[in-house]
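Engineer: Once you've had a glance at the structure underneath, I'll fire off some questions.
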Amino acid sequence: MLTNVNSFTLSPGQDFLRSPVNWNELSGSKDWKTLSWIRTKATWIEANLFEKLSSHPDNAASLILLKTADSTLALYPVGTSAIMANLKVVDGVIHANLRREALDREDTAYVVCVRASGWEENDIVKTAVEQARKLVGGRPKPEPHYGGFWDGVGICSWEAIKTVGEKTGQFRASKDILMNLIPSDPISTFLIDDGWQDIRYDKDGDNWSPRRLHSFGTWSGFGGTMDEVVNAIKSKTDTKVGVWMTLQGYWFSIDPKSELMKTYNCVQFKDGNGVQTGPLDPETTDEPRYLYVPRPDKAKQFWLDWFTKLKSQGIDFVKIDNQAGYDMFTGAGCIAAAQAMWRGMLEAVVEIFGSVDRVIMCMSHNERMLNGPGGLDFDRPAGELVFRNSDDYNIGFPNKHVEFPYWNLYSAILHNHLSFRLDFDMFASTPADHLPVYHALLRSMSTGPILISDLPGDVPDEAIKRKIISKTSDGSIKSVKTSTAAALLPNRWFWDNVRAAHGDGPAIVAGVAVPSAHGALIGAWNSRDHEKGGKAIDAIGLRDVEDVLGGPLESDHVLWSVGLSSKPTMKIATKGWKGSLPISLDKDHAEEIIVAKIWHVGGKHIAVLGMMDKFATLAGVTVSMENDSLSIHTTFETDQLTVVAWPELGLQSTATISGDVTAHQYVVKGNPVADGWKVEL
């Protein structure tokens with residue numbers, strides 16, 4: 001693997017710099033296929049594929065991957081606390097694009113360049129990010145692990161608030177709405193998502209009329225004070241309660257007539273691009289719009305005071321939205337004000353709530369997060385940030401459901417290597433047109449919060465909910481999910497005809513290794529255009545298996561399609577395997593494929609499929625050889641711990657599968673141990 005670092009320096013008094021990246025390996029790159037993480041919306045950066053670099057749009061990029069005939073190149077800009085860094089493509093030439101973040105001094109940013117061939121291509125993004133950490137003193141990313149604050153299943157109120165708002169025009173939370181969302185089953189978290197705050201706006205204006213924070217209290221129709229509503233929720237269910245807010249206080253910052261203006265010496269900035277205020281052209285508006293946020297030296301105190309009050313009212317965590325919306329600010333000092341709000345918020349979260357994982361970082365796709373202290377973990381409170389990985393679930397786009405796995409699984413190519421726990425957003429277990437199985441499979445292969453957004457009056461799909469939760473040995477109810485988020489398999493990074501394409505074609509195929517189980521999970525989603533309704537026709541081959549396991553196949557493995565969309569199918573992958581496991585997915589369908597090592601035990605061949613009553617069948621499963629027996633340990637309680645074997649094990653078989661071999665399926669029962677359940681075969 002070849003690595004090169006370009007350094008770029010901003011001198012005192014120099015606020016901007018755009019300069020070509022100097023790397024001999026880029027010769028001829030204008031015609032190379034390009035996968036680029038570009039800013040497609042004001043607050044979201046998404047991976048987009050281009051036939052060649054010269055067709056790259058003017059959008060700023062946070063990572064560019066280039067594909068040649070025999071190698072992959074990665075270019076990753078690296079900022080600091082003083083410089084925001086991204087890439088711009090000008091006439092097919094990649095440029096470093098820098099702007100000063102803070103402090104008028106000499107500061108240096110970087111572009112890490114990596115070229116890899118063969119198996120090293122799989123690790124090219126990881127290598128670039130690790131090199132970036134070294135350049136800026138970033139802390140190492142922790143090893144994948146399960147557990148922590150977000151290891152349960154929770155409720156998010158936004159879909160309910162939105163549904164009421166679409167009927168009444170009042171997108172507001174109330175005690176009645178919130179209480180009607182509490183399920184009979186235990187939940188670990190309850191998020192009051194928007195609509196609770198004391199805000200001011202022109203009630204006679206349109207939906208884009210500037211909405212501003214007036215106080216730290218609740219709105220008059222909330223149904224009580226915050227502590228009264230929180231106490232009511234907690235009296236009905238043993239849960240942690242959180243609230244939503246934005247980095248500016250509310251969508252359009254602080255009300256200039258509020259007492260908050262004086263308390264925090266708020267400063268005024270002109271609205272730069274109309275984020276969250278509709279299509280605004282400052283040259284044609286009758287009157288300019290302004291934002292008001294605390295002066296930088298008061299920013300942290302603003303958050304400390306607000307969080308202290310919320311904690312005293314029973315709030316346990318927060319979701320901070322619109323974090324990339326600081327680009328709304330224009331004028332002297334705007335960047336320093338935005339940085340102070342961001343840093344002050346994180347420091348206050350740790351001081352008041354105890355850890356950085358008590359905040360969900362939402363609409364936070366910017367250089368500070370993807371190319372700076374946020375993702376590389378330096379010059380901020382230490383730890384993995386809970387990071388919303390994509391735009392909203394069930395948002396009003398034509399292909400809102402089928403594109404959702406696309407954005408999340410492509411984004412994870414980069415985000416998995418940053419200091420993040422990836423939040424794939426809420427989903428609903430019902431109704432059917434919200435594709436609950438399609439979404440639940442994706443959430444079970446993520447590391448962040450799992451939040452259910454079923455509406456009051458809808459009957460939850462209990463079968464789906466049971467497949468994402470289970471008991472642990474201490475009797476608590478936890479979410480069953482992988483300890484690393486799924487990402488698109490590397491051999492498919494540059495595939496065409498995937499995203500909402502017309503007619504039949506390939507699926508979105510992603511995976512995640514589960515080393516403790518000596519296996520992996522592969523998910524396949526039909527991402528064809530929803531209106532046209534084409535089938536996803538695909539096949540899982542040797543390269544897919546090797547990609548998800550992390551290297552060339554050295555031992556035999558079973559491939560087992562679970563049967564979410566068709567009857568279960570089994571194939572055996574061996575070294576140099578030429579076959580494949582075919583996939584055919586109708587509109588709105590998804591499938592899961594288990595990859596499980598074949599163990600040789602007393603003349604038998606055994607593969608552990610895991611918990612077939614869960615989506616993440618191998619989550620929390622450990623498989624090992626102990627004293628000539630195969631030991632299977634599970635963290636979660638399960639009624640369907642399943643193995644396949646041939647010849648027969650002498651147990652009662654639940655099914656016989658004929659494929660590459662005639663195998664017998666068995667459900668085995670684990671015995672309780674201190675940290676789970678264990679069985680030996």
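Engineer: Only residues that are among the charged types (D, E, K, R) and within 13 Å of A74 (Cβ to Cβ): list them for the range 116-136, please. Talk me through it step by step, then tell me what you get.
Structural biologist: Keep residues of the range 116-136 that are among the charged types (D, E, K, R), which gives 120-121, 123, 126, 130, 133-134.
Once the filter is applied, which keeps residues that are among the charged types (D, E, K, R) and within 13 Å of A74 (Cβ to Cβ), the range 116-136 yields E120, E121, D123, K126, E130.
Each row is one residue, and each column tells you yes or no for (1) among the charged types (D, E, K, R); (2) under 15 Å from A96 (Cβ atoms); (3) in contact with a helix residue (DSSP H, G or I) (Cβ under 8 Å, 6 or more places away or on another chain); (4) surrounded by fewer than 19 Cβ atoms within 10 Å (Cβ to Cβ).
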| position | (1), (2), (3), (4) |
| --- | --- |
| L2 | no, no, yes, yes |
| F8 | no, yes, no, no |
| L26 | no, yes, no, no |
| L63 | no, yes, yes, no |
| G79 | no, yes, yes, no |
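Engineer: Just the residues that are hydrophobic (A, V, I, L, M, F, W, C) and more than 20 Å from the chain's Cα centre (by Cα), please, taken from the range 343-369. Full working, then the answer.
Structural biologist: In the first step, residues of the range 343-369 are kept if they are hydrophobic (A, V, I, L, M, F, W, C); the result is 345-346, 348-350, 352-353, 356, 359-363, 369.
M345, A348, V349, V350, I352, F353, listed by residue number.
Engineer: Specify the residue that is modelled with the lowest pLDDT; the eligible residues are those in the range 1-56 that are over 27 Å from L135 (Cα atoms) and out of contact with any strand residue (DSSP E or B) (no Cβ under 7 Å at 6 or more places or on another chain).
Structural biologist: Out of the qualifying residues, it is A42.
Engineer: Further, regarding this structure: Being within 15 Å of H589 (Cα to Cα) and either surrounded by fewer than 24 Cβ atoms within 10 Å (Cβ to Cβ) or of a type outside the set (A, V, I, L, M, F, W, C) (or both) is the filter here; which residues of the range 504-529 pass it?
Structural biologist: Within the range 504-529, D504, G505, P506, G523, N526, S527, R528, D529 qualify.
Engineer: For the range 530-570, which positions are over 27 Å from the mean Cα position of the chain (by Cα), modelled with pLDDT of 95 or more and surrounded by 16 or more Cβ atoms within 10 Å (Cβ to Cβ)?
Structural biologist: Correct list: L542, L553, D556, H557, V558.
Engineer: Which condition number in (1) within 22 Å of E347 (Cα to Cα); (2) hydrophobic (A, V, I, L, M, F, W, C); (3) in a loop (DSSP other than H, G, I, E, B) is the one that I360 fails?
Structural biologist: (3)
Engineer: Would a scan of the range 328-335 turn up a residue that is under 30 Å from K162 (Cβ atoms) and outside the structural domain of R200 (by TED's automatic domain parsing)? Full working, then the answer.
Structural biologist: Within the range 328-335, the subset under 30 Å from K162 (Cβ atoms) is 328-329.
Imposing the further condition that a residue be outside the structural domain of R200 (by TED's automatic domain parsing) reduces the set to 328-329.
Yes, there is a match, as at least one residue in the range 328-335 is under 30 Å from K162 (Cβ atoms) and outside the structural domain of R200 (by TED's automatic domain parsing).
Engineer: Another question about this same structure. Among the residues of the range 509-530, is any touching a residue at least 24 places away in the same chain (Cβ under 8 Å), part of a helix (DSSP H, G or I) and of a type in the set (K, R)?
Structural biologist: First pass over the range 509-530, keeping only residues touching a residue at least 24 places away in the same chain (Cβ under 8 Å): 509-514, 516-530.
Going one step further and asking which of them are part of a helix (DSSP H, G or I), we end up with 516-517.
Filter once more, keeping what is of a type in the set (K, R): none.
No, the range 509-530 contains no residue that is touching a residue at least 24 places away in the same chain (Cβ under 8 Å), part of a helix (DSSP H, G or I) and of a type in the set (K, R).
Engineer: Right, something else. Among the residues of the range 73-90, is any of a type outside the set (F, W, Y), in a strand (DSSP E or B), over 23 Å from S411 (Cβ atoms) and modelled with pLDDT under 95?
Structural biologist: Applying the first criterion (of a type outside the set (F, W, Y)) to the range 73-90 yields 73-75, 77-90.
Those left that are additionally in a strand (DSSP E or B): 73-75, 77-78, 83-90.
From what's left, over 23 Å from S411 (Cβ atoms): 83, 90.
Those left that are additionally modelled with pLDDT under 95: 83.
The answer is yes; a qualifying residue exists.
Engineer: If only one of F397, F378, F404 is out of contact with any Gly (no Cβ under 6 Å at 6 or more places or on another chain) and either within 23 Å of Y76 (Cα to Cα) or assigned to a helix (DSSP H, G or I) (or both), which one is it?
Structural biologist: Working: F397 fails: either within 23 Å of Y76 (Cα to Cα) or assigned to a helix (DSSP H, G or I) (or both); F378 fails: out of contact with any Gly (no Cβ under 6 Å at 6 or more places or on another chain).
Criteria check complete, one pass: F404.
Engineer: Can you list the strands (runs of 3 or more DSSP E) found entirely within the range 124-222 that contain at least 3 residues being surrounded by fewer than 22 Cβ atoms within 10 Å (Cβ to Cβ), modelled with pLDDT of 95 or more and in the same structural domain as K465 (by TED's automatic domain parsing)?
Structural biologist: Working: elements: 153-156, 189-192, 197-200, 212-218.
Qualifying strands (runs of 3 or more DSSP E): 212-218.
Engineer: Among the candidates V78, V111, single out the residue that is β-branched (V, I, T), touching a residue at least 40 places away in the same chain (Cβ under 8 Å) and touching a Pro at 6+ places or on another chain (Cβ under 9 Å). Walk me through it before giving the result.
Structural biologist: Numbers: V78 fails: touching a Pro at 6+ places or on another chain (Cβ under 9 Å).
On inspection, the qualifying residue turns out to be V111.
Engineer: Considering R139, R133, R200, which residue is of a type outside the set (V, I, T) and either farther than 25 Å from G374 by Cβ or over 25 Å from the mean Cα position of the chain (by Cα) (or both)? Full working, then the answer.
Structural biologist: Values: R139 fails: either farther than 25 Å from G374 by Cβ or over 25 Å from the mean Cα position of the chain (by Cα) (or both); R133 fails: either farther than 25 Å from G374 by Cβ or over 25 Å from the mean Cα position of the chain (by Cα) (or both).
None of the other options fit; the residue is R200.
Engineer: While we're looking at this one, here's another question. Give me the pairs, please: first residue somewhere in the range 15-35 and in the same structural domain as L98 (by TED's automatic domain parsing), second residue anywhere and among the β-branched types (V, I, T), beta-carbon distance under 6 Å, and either six or more positions apart or on two chains.
Structural biologist: Between residues of the range 15-35 that are in the same structural domain as L98 (by TED's automatic domain parsing) and residues that are among the β-branched types (V, I, T), the close pairs are P20/V93; V21/I94; V21/V111; W32/T68.
Engineer: If W196 satisfies every condition in (1) in contact (Cβ under 8 Å) with a residue 12 or more places away in the chain; (2) more than 20 Å from S157 (Cα to Cα) but one, which is the exception?
Structural biologist: (2)
Engineer: Go through (1) closer than 14 Å to W303 by Cα; (2) aromatic (F, W, Y); (3) in contact with a Leu (Cβ under 7 Å, 6 or more places away or on another chain) for F252 and report which single condition fails.
Structural biologist: Failed condition: (1).
Engineer: Within the range 472-490, can one find any residue that is closer than 17 Å to D538 by Cα and surrounded by fewer than 23 Cβ atoms within 10 Å (Cβ to Cβ)? So that I can check it myself, show each step before the final result.
Structural biologist: Let us first name the residues in the range 472-490 that are closer than 17 Å to D538 by Cα, namely 488-490.
With the extra rule that they be surrounded by fewer than 23 Cβ atoms within 10 Å (Cβ to Cβ), the set shrinks to 490.
Yes, the range 472-490 contains a residue that is closer than 17 Å to D538 by Cα and surrounded by fewer than 23 Cβ atoms within 10 Å (Cβ to Cβ).
The values are calculated or read from the model by the stated rules, or taken from the named source; none is laboratory data. Fair warning: this is a prediction, and the values are worked out from it, not measured in the lab. Glycine also receives a Cβ, built like all others from the backbone with ideal geometry; neighbour counts cover every protein chain displayed.
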